[in-house]
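Novice: Following this message is one structure expressed as structure tokens.
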Amino acid sequence: MIEMSQRSFGAALLDPDLPLPDGVIGPRGKGAQKRFAVYRNNVTVSLVNALGDIFPAVQRLVGEGFFRDMARVYLSEEPPRSALLFEYGGGFAAFLDRFEPVSKLPYLSDVARLERAWLDAFHAADADPLRPESLGAIPPESLGEVTFTPHPAARIVRSKYAAVSIFSASREERPLDHVRPLDPEDGLITRPRHEVQVRQLPSGAADFFEALMAGMTFEEAANVTLERHPEFDLPSAISAMLEAGVFSACSSSQANPEHTA
Amino acid sequence: MTRPAPHSPNIGTSRFPDAPLPPRAGAGLKPDHIAAILTDDYRIGFLEVHAENYMGDGGPAHRALAAIRAEFPLSVHGVGLSIGSEGGISATHLERLARVVERYEPAMVSEHLAWSSHDAGYFNDLLPVPYNSASLERVVSHIVQIQDRLKRPILLENPSTYVAFEQTTMSETDFIRDIARKSGCGLLLDVNNVFVSATNHGWKPLHYLRDFPLELVEEIHLAGHAEDVDDEGDLLLIDAHDRPVADSVWKLYETVISQAGAVPTLIEWDNDVPEWPVLRREAQLADAILDRLGPGSLLGSRHAAE
């Protein structure tokens, strides 16, 4: 009996319709319903709070009361897998995509993806961003062959909606009046110094950075991007990449990576 | 000093000064308080962090904690190892804790007599275990596993509990004493938890303290609790950590210090966290009791001598 008790205790924590777990009693013959409910409440409230901390923009967009009810549904479907609560909610965006009551807010899941990426970037390993001098030190004839090491905090979130503008307005508690929700936006999340930054990328830049992050050479990435986006502005993408800290190092030869700090 | 320090670990390789917890008040570290703590004229005795909040790879949280650790003694308090777990403790999580301990060289490492994880997931609460020989053996083996990996003893904290178990055959104090004896761990006495559990189970707090092995207590926790009612409409206390320490808990704390001497004492305030001066006021209340009652205690000022 004892070997099964934590399994039934845990199941009853997440499902208030289940009876009290075997062996759980009140002291001196007392009942244990309200006593066990303290644990149920602790688990639910603390995890709902954790989701509210991780997804404050989503919470503001749907309202706190609605968010808390929705978070309860989510956590009953996907309780955290580890004790690292700052990693919780990896499936929350996908949950929002299929959660019918928010289907009229199609951008909501991408706002959640940006928020999840923001927290991943916050906790990512420390690394100095690539310095312009390191790129400048590469001879012009070798530039095409250069590959880049992504900064541990760098993330890209692409959206069919104006998710970056909506995320920023919500986090900064600004009104959404000026936002056109159906304009597609790509977001770049980085941590160049000690603060996480979220930027909206110009056309093509997400393709270019993703190609470089996947290990393509500078030339390959530029070609792939220009094929899809003839208007792509390569020089300004390079400036943005250095300023935002998308990469931590570059190398002019696959065989001899030159890690620069 | 007229004689060498009793222990000098990691000379030459340590990132931080060797800083044992002083027999004074400390505070649970909250990110919003860090700037105020570093610039305050009042020097808090030590700070304590939840290990899990620093298990990420890098970033601003680590930067802030390194700044704190350079100036203050630090205690690392785990909330996620699930020492009472029937399915064993997670080797992955133990490695994460070891990494935090290696990174910050804390004066103290502590965990709870509780479980929080199961196959179904992580519940983010400190859940109770029945007290009997099977659970005793399990908890002892988990603590031995942790201490072997960390290469140091840990402190085990007594819980706040709301339910009892048919499977329980031992008192909580006997259970905790046996764990300490068999595993070699020290004890963290949470005085608020004593008061909460005693109220909830109809024990007398002073009887609990009489039976508790105070000589093994190396740290004390104090926190605020909330009031609710049980199925019969009687008072049920909740370990809420969301308000000042109750007067009744301060009284109990005075009794503990009168008997055990001055022991490092942490004020925990984890929900509805106030501005730093409010938390500091609680710490200063504990400091005053430590100064007043610690020196004349029955067990002597063993910690003050360190």
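Novice: What does the net charge come to around B:Pro17 if you take all other residues with beta carbon closer than 13 Å to its beta carbon, with K and R at +1 and D and E at -1? Working shown, then result.
Specialist: Details: positive: B:Arg15, B:Arg69; negative: B:Asp18, B:Glu71, B:Glu105.
Once all neighbours under 13 Å are counted, the net charge is -1.
Novice: Leaving out same-chain residues fewer than 8 places away, which lysines sit with a Cα under 20 Å from that of A:Lys30?
Specialist: Filter leaves B:Lys204.
Novice: Loop only per DSSP, at most 13 neighbouring Cβ atoms within 10 Å: give me the trypsin sites (Lys or Arg not before Pro) in the range B:135-202, ordered by residue number.
Specialist: Filter output for the range B:135-202: B:Lys151.
Novice: If the cut-off is a Cα-Cα distance under 12 Å, which aspartates and glutamates reach A:Lys34, setting aside same-chain residues fewer than 8 apart in sequence?
Specialist: Correct list for A:Lys34: B:Asp228, B:Asp230, B:Asp231, B:Glu232, B:Asp234.
Novice: Over the whole of A:121-132, what's the average partner chain Cβ count within 10 Å per residue? Rounded to a whole number, please.
Specialist: What the average comes to for A:121-132 is 3.
Novice: At R0 = 41 Å, how high is the FRET efficiency between B:Asp272 and A:Ala11 if r is their beta carbon distance? Nearest 0.05 is fine.
Specialist: Given R0 = 41 Å and the Cβ-Cβ separation, E is 0.85.
Novice: Report, in debye and to the nearest 20, how large the dipole of the range A:120-261 comes out about its Cα centre when Lys and Arg carry +1 and Asp and Glu carry -1 on their Cβ.
Specialist: 420 debye
Novice: Under the rule a/c < 1.5 gives rounded, and otherwise a/b versus b/c splits prolate from oblate, where does the range A:156-260 land using the Cα gyration tensor?
Specialist: Cα axes put the range A:156-260 in the oblate bin.
Novice: Let me ask something additional. Rounded to the nearest 500, what is chain A's calculated 222 nm mean residue ellipticity when only DSSP H runs of at least 4 contribute -39500 (n - 2.57) each, over all residues?
Specialist: Per the formula, -14500 deg cm²/dmol.
Novice: Turning to a different aspect of this structure: Which shape class, rounded, prolate or oblate, goes with the range A:1-147 when its Cα gyration tensor gives a ≥ b ≥ c as root eigenvalues, a/c under 1.5 marks rounded, and past that a/b bigger than b/c marks prolate?
Specialist: prolate
Novice: Right, another one. Enumerate the aspartates and glutamates that B:Lys182 could reach by cross-link, defined here as Cα to Cα under 17 Å, with residues fewer than 8 away along the same chain left out.
Specialist: Excluding near neighbours in sequence, the set is B:Glu111, B:Glu137, B:Asp148, B:Glu157, B:Glu172, B:Asp174, B:Glu215.
Novice: With everything on Cα atoms, drop me the angle between helix A:234-244 and the longest principal axis of chain A, reported from 0 to 90° to the nearest 10.
Specialist: In chain A, helix A:234-244 runs at an angle near 50 degrees to the longest axis.
Novice: At A:His194 and B:Asp57, where each label point lies 7 Å from the Cα along Cα→Cβ, what is the point-to-point distance in nanometres?
Specialist: 2.1 nm
Novice: Relative to the first principal axis of the alpha-carbon coordinates of chain A, what is the inclination of helix A:218-228, with its axis defined by its Cα atoms, in degrees from 0 to 90 and to the nearest 10?
Specialist: On a 0 to 90 degree scale, this one is about 80.
Novice: With no solvent and one equal point scatterer placed on each C-alpha of the range B:25-293, evaluate the Debye formula and give log10 I(q)/I(0) for q = 0.09 Å⁻¹, two decimals.
Specialist: The calculated log intensity ratios at q = 0.09 Å⁻¹ are -0.39.
Here, each number is a calculation from the coordinates, and none is a lab measurement. Being a predicted model, the structure only gives us computed values, none of them experimental. So basically every Cβ, Gly included, is an ideal-geometry build from the backbone, and we count neighbours across all protein chains shown.
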